Each structure stands twice: as C-alpha cells, then as structure tokens.
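Have a look at the structure below before the remarks.
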Amino acid sequence: MSSRVTAVCVVHELLPGPKDVGRTAIDKRPVAAGVEVGVLGLESDRVCDVENHGGAEQAVYAYADEEADWWAEQLQREIPPGLFGENLRTAGLAVSEAEIGEHWRVGGPDGVLLRVTAPRIPCITFADRMGEAQWIKRFARSGRPGAYLAVLTPGRVATGDAVEVSYRPGHGVRVADTFPWPEPDVAQRLLDAHAQESTAFGLTPKMYRWAVHQVATRGA
C-alpha cells in the first residue's frame, strides 16, 4: 500500500487547559479542504504553550492510522484523527519507525517537504484530554510516540496526498529509539551522523542539545 495522508487536522477551538497558560489548542479536527503549510506549521492552527510546543522544529505533528488503531484496541475506544493533537494522520507510513532526520515529500515532486525531527513527549495537557489512567506513562512506554516535523519546503497539504520518504540518513536511529529510555549509543550515533558534513543530515538545535546531554550524562 502506498503511503498517504488520511486526514489534515487544525485546531477546532481553544479549550481550558491544565497548564499555567490556561488554554490549549490540542483539540484538532479534520478539515475537508487543503491547508497551507509554512515553516511554523499549518495555516489556521494554533499553539498556546509556546514554551514546550510548536516552533520551526515542531511545526507539524504526524501520527499513523496503524498506531491509532493499536490504541483503539488497547483502550476499547475510537481514536479519531486529531484526538492526539496531530496535524497529519497517515496510512502506510511507519511514523514512529522513521529515522530522525529523514525527509517526507507530501503531495508529489513539487509538494511540501518535511523533515522528521523528534518524538512527541506526552504532557499533562495530553493526559487531561485523554482521561485515561496513567496516560503519560502508558503512552511513553508504548513505543508509538508519532513524529514532529520541520517544514523544509512550504506548500499545501490535503487528505489523500501521497507521502514519499525522499531521504533517509542511514544512521538507523528511529524516532521511537529516542524516547523514553534511549539506549546509551543512540545519542552518540546521532552526533556522529550530524558531524558528517558530506551528508544532508543534521540535527535540529533542540535535538542536538538533547543528544549532547545524553552522552554527557549516560555515556555512549
């Protein structure tokens, strides 16, 4: 099965949130029309907790239908597109198995170009939305974090768009390998790949700092 976008989601309404900012934009819902995507994310979308979410390194959050289906079975409830706060729901693409730094071309050769940057780290807002016991711990341990993406080439995304992995760094570190308890050599492998100037791979500043910290505190 070819990989494709099965839903494009933006904020439906701002809701009261448990964090100090008081509001949350986690309530994403699918939209029928295509949406413009810029370096800071989807048009008409919002971020309230700008200290921990959004920005160029976390402009888009993607989650796979296959992983949502797994959660639906585990929780015995539907996991509709947008429930996890994702912007893109995909099919045929192993989102949490993507390599850090790989590129996705969405919507054909002239479409949006995205770069996989980091795993989603569950927070109190996510737990509040789900209303499931021990949700942060359960989500973290599942190995299905979904992926944050940076926008390398802006454009328009729509439901049904094809998704092609156009570049894979080859270091072998998957999104799921970096959270919650990475193996000691994971961060070093990322730093080694980052140092190779002959490749197109490069860690985002946030992930670079994370990798340096991991190596300093845990060793390689």
Among the residues of region 113-154, the number that are in contact with a strand residue (DSSP E or B) (Cβ under 9 Å, 6 or more places away or on another chain) and of a type outside the set (Phe, Trp, Tyr) is 21
Among SER3, SER44, the single one that is surrounded by 15 or more Cβ atoms within 10 Å (Cβ to Cβ) and among the polar types (S, T, N, Q) is SER3
In region 126-180, anything of a type in the set (Gly, Ala, Ser) and either free of Cβ contacts under 8 Å to residues at least 60 places away in the same chain or not in a strand (DSSP E or B) (or both) is listed as ALA127, GLY131, ALA133, ALA140, SER142, GLY143, GLY146, ALA158, GLY160, GLY170, GLY172, ALA176
Flagged in region 195-205 as surrounded by 13 or more Cβ atoms within 10 Å (Cβ to Cβ) and within 20 Å of the chain's Cα centre (by Cα), in numbering order, are PHE201, GLY202, LEU203, THR204
If GLY146 satisfies all but one of (1) out of contact with any Ser or Thr (no Cβ under 8 Å at 6 or more places or on another chain); (2) within 22 Å of LEU203 (Cβ to Cβ), what's the number of the condition it fails? (1)
I'd like the full set of residues that are over 15 Å from TYR208 (Cα atoms) and either under 19 Å from the mean Cα position of the chain (by Cα) or of a type in the set (Val, Ile, Thr) (or both), limited to region 178-194. PRO180, TRP181
Residues of region 57-99 being among the β-branched types (Val, Ile, Thr), outside any loop (DSSP other than H, G, I, E, B) and in contact with a helix residue (DSSP H, G or I) (Cβ under 8 Å, 6 or more places away or on another chain), in sequence order, are THR90, VAL95
From (1) of a type outside the set (S, T, N, Q); (2) more than 17 Å from the chain's Cα centre (by Cα); (3) within 19 Å of GLY146 (Cβ to Cβ), pick out the condition that doesn't hold for VAL8. (2)
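Since every read-out is calculated from the coordinates, none of them should be taken as a lab result. Just so you know, these numbers come straight off a predicted model, no measurement behind them. Cβ: placed from backbone, ideal geometry, glycine included. Neighbour counts: every protein chain shown.
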